[in-house]
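**Q** Let me begin by handing over the structure; questions about it come next.
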Amino acid sequence: VTSTPISPAPSPGAACGTPVCSAIPLVLRLVLGGLFILAGISKLQNPAVFGGAIYKFDLGLAESQIKVLAFAIPWTEIITGTLLVLGLMTRGAALVLLTMLAGFTFGIVRLIAAGKSVDCGCFGQLKLFCGDAPLGACHLIRNGIMMAAALVIMVMGPGRLYLDRCERRLRRARDGQCIRCGYDRAGLPPIACCPECGDNPRA
Amino acid sequence: VIRRTILRAVVIALAALAAGFFHSRLHAPLDLSFAIHPAPPAPAPQPVQPTLVGQAPKPAPVPVPVPAHEQGMIDLARFKSMLASPPLQVLDAREPGEYNKGHITGALSLPMSAFLSGGTPELVNALSRDLPIVVYCGGGDCDASRYVAQRLREMGFATTFVYEDGYTGWTKAGEPVEVFK
């Protein structure tokens, strides 16, 4: 048993200490998650049009694959957006969004390089930010900003108001660890306080 | 943390793919023909004409390209010529907000979203099947006009065209527009 108190393990949302700092990922989560939920719903309202947009990206996919992607991409956006808003599996959801945005951006750069003017269908019928403008700098800047936001969430964690905390507590309880600091309680009586952080399991 | 993040990302991606796959199975088959324009069939190889020695071989016949308007696409010049010989039904396939901000003078609003509920938009019942229809959207390669045109053709409006330059092309050419405030 150590005599000096050991601070509890940092929470997944505590990449920075100040309230303002920890509010940044929260705001980014809500904005980015909300945007992607809207985008996914908008695409699912008319999957045929989104399928047409995928076709024009000229990815060499078969029609049957495009038809599956026309549903899978919006569902990915809805699921990851919801997870970001809830703060559940936050870093994983941010990584999926980052990967997806990188793929979209690569496709847009290819089309711009090929001199093709295509409606990317990025936000379905919503036409957010870039409206009806042909593919160009606006789309790249928009994607760059969203990728930066996803990266910040990945690095800083969920910030405040997140469900990852509940999931972590459940996991530690299941693995026989101290719920507060993750200390392995193997061999300790069930009611004994944690020797690392002093957490009282009865409390 | 990195390992767990990657693992969770894979789980999320697989769950989303599964959701998309099952949704695509439950959904009615997608019709992508408005976006996928099949290339015209390649001309059959011509039999080689026997030529006499010293006679120049006959030139191979040049395949005649199918005019764009026969595939339902028209450009500004043809659109203006159709407008000059009315009657013509002009439809704006953009959303009502964009339509209100500005549209081709005399155009009616028939947004693509009006077809999404599954029913027939009211305006369709007011259109005449005997008169040509021109649909446009934002311009560039926007899909709304093609989508609406395809739905209209399926409903029996055989002479439906898409003005390919859209509203952007129309305003760039300095043609008259209407704004609803």
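The values are calculated or read from the model by the stated rules, or taken from the named source; none is laboratory data. This structure is a prediction, so every number in the text was calculated from the model and none was measured. Positions of Cβ are generated from backbone atoms using ideal geometry, with glycine treated the same way; all protein chains shown enter the neighbour counts. Side chains included, ligands, DNA and RNA excluded: accessible areas come from the protein's heavy atoms. Shrake-Rupley method; radii C 1.70, N 1.55, O 1.52, S 1.80 Å.
**Q** Calculate the mean, over all residues of peptide B:21-28, of how many other protein chain Cβ atoms lie within 10 angstrom of the residue's Cβ.
**A** Working: counts 5, 2, 8, 10, 3, 1, 6, 2.
Going residue by residue through B:21-28 and averaging, the value is 5.
**Q** Please report, in debye to the nearest 20, how large the charge dipole of chain A is about its Cα centre when each Lys and Arg carries +1 at its beta carbon and each Asp and Glu carries -1 there.
**A** In total the dipole reaches around 280 debye.
**Q** What full-extension length gain, to one decimal in nm, is calculated for residue B:11 and residue B:108 as 0.36 nm per residue of separation minus the Cα-Cα distance?
**A** 30.2 nm is the gain from fully extending residue B:11 to residue B:108.
**Q** What does the C-alpha gyration tensor say about the overall shape of region A:45-152? Classify as rounded when a/c is under 1.5, otherwise prolate if a/b is larger than b/c, or oblate.
**A** oblate
**Q** OK, next. How far is helix A:137-156 tilted, in degrees, relative to the longest principal axis of the Cα atoms in chain A, given as a value from 0 to 90 rounded to the nearest 10?
**A** 10 degrees
**Q** Next question, about the same structure. Would you check the accessible area of residue A:59, probe 1.4 Å, heavy atoms only, in square angstrom rounded to 10?
**A** Accessible area, nearest 10 Å²: 90 Å².
**Q** Can you flag which of A:56/B:181; A:43/B:181; A:43/A:116; A:56/B:101; A:43/B:80 are past 31 Å Cα-Cα? Please list the in-between numbers first.
**A** Working: A:56/B:181 35 Å; A:43/B:181 29 Å; A:43/A:116 22 Å; A:56/B:101 28 Å; A:43/B:80 34 Å.
Over 31 Å apart, Cα to Cα: A:56/B:181; A:43/B:80.
**Q** Next up: Take the Cα atoms of region A:115-203, build their convex hull, and give its volume per residue in Å³. Let's see the in-between values first.
**A** Values: hull volume 14.1 nm³, N = 89.
Hull volume over Cα atoms, normalised by residue count, gives 158 Å³.
**Q** Could I ask something else about it? Please list, by residue number, every one of the trypsin sites (Lys or Arg not before Pro) in region B:126-159 that is coil in DSSP and has at most 15 other beta-carbon atoms within 10 Å.
**A** Of the trypsin sites (Lys or Arg not before Pro), the ones in loops of region B:126-159 whose Cβ has at most 15 other Cβ atoms within 10 Å are B:129.
**Q** Let me ask something additional. Between residue A:106 and residue B:179, what is the spin-label point distance in nm, taking each point 7 Å from the Cα along the Cα→C-beta axis?
**A** It works out to 4.4 nm between the two label points.
**Q** Tell me what chain A gives for mean residue ellipticity at 222 nm when only DSSP H runs of n ≥ 4 count, each as -39,500 (n - 2.57), the sum divided by the residue total, rounded to 500 deg cm²/dmol.
**A** Only helices count here, giving -19500 deg cm²/dmol.
**Q** Still on this structure, please answer the following. Pulled fully out, how much extra length does the chain show between residue A:171 and residue A:193, if you take 0.36 nm times their separation in residues and subtract their Cα-Cα distance?
**A** Computed gain between residue A:171 and residue A:193 is 6.0 nm.
**Q** Suppose a student asked you for the relative contact order of region A:52-117, using Cα pairs under 8 Å spaced at least 6 residues apart; what percent would you report?
**A** 26 percent
**Q** Work out the FRET efficiency for residue A:18 and residue A:137 from their Cβ-Cβ distance, taking R0 = 41 Å, and round it to the nearest 0.05.
**A** 0.70
**Q** If R₀ is 45 angstrom, what is the calculated FRET efficiency for the pair residue B:131 and residue A:161, using the beta carbon separation as r and rounding to 0.05?
**A** So the FRET efficiency works out to roughly 0.20.
**Q** Also, I was wondering about something else. Report the Cα centroid-to-centroid distance between region B:135-181 and region A:121-179 in angstrom, as an integer.
**A** 36 Å
**Q** Need one value for B:2-14: mean number of C-beta atoms belonging to other chains within 10 Å of its residues' C-beta atoms.
**A** Numbers: counts 3, 0, 4, 8, 3, 2, 9, 12, 3, 3, 10, 9, 0.
Mean number of neighbouring Cβ atoms from other chains: 5.
**Q** Count the net charge of all other residues whose Cβ sits under 10 Å from the Cβ of residue A:201, scoring Lys and Arg as +1 and Asp and Glu as -1.
**A** Once positives and negatives cancel, what remains is +2.
**Q** Another one. Multiply the residue separation of residue B:77 and residue B:158 by 0.36 nm, subtract the distance between their alpha-carbon atoms, and state the gained length in nm to one decimal.
**A** 27.0 nm
**Q** When chain A is treated as a GNM, springs tying every alpha-carbon pair under 10 Å, which of A:164, A:184, A:119 comes out with the largest mean-square fluctuation?
**A** Of A:164, A:184, A:119, the most mobile in the Gaussian network model is A:184.
**Q** Any idea what angle helix A:47-56 forms with the longest principal axis of chain A, computed on alpha-carbon atoms, 0 to 90 degrees, nearest 10?
**A** 70 degrees
**Q** Just going by the charge dipole of chain A, with Lys and Arg at +1 and Asp and Glu at -1 on Cβ, which of A:60, A:141, A:156 is farthest out on the positive end?
**A** Value computed over the given set: A:156.
**Q** Between residue A:116 and residue B:21, how high is the FRET efficiency from 1/(1 + (r/R0)^6) when r is the Cβ-Cβ distance and R₀ = 35 Å? Nearest 0.05.
**A** The computed FRET efficiency comes out at 0.75.
**Q** Highest first, please rank the peptides A:174-182, A:49-57 by the mean number of other Cβ atoms sitting within 10 Å of their residues.
**A** Ranked by mean Cβ neighbours within 10 Å, highest first: A:49-57, A:174-182.
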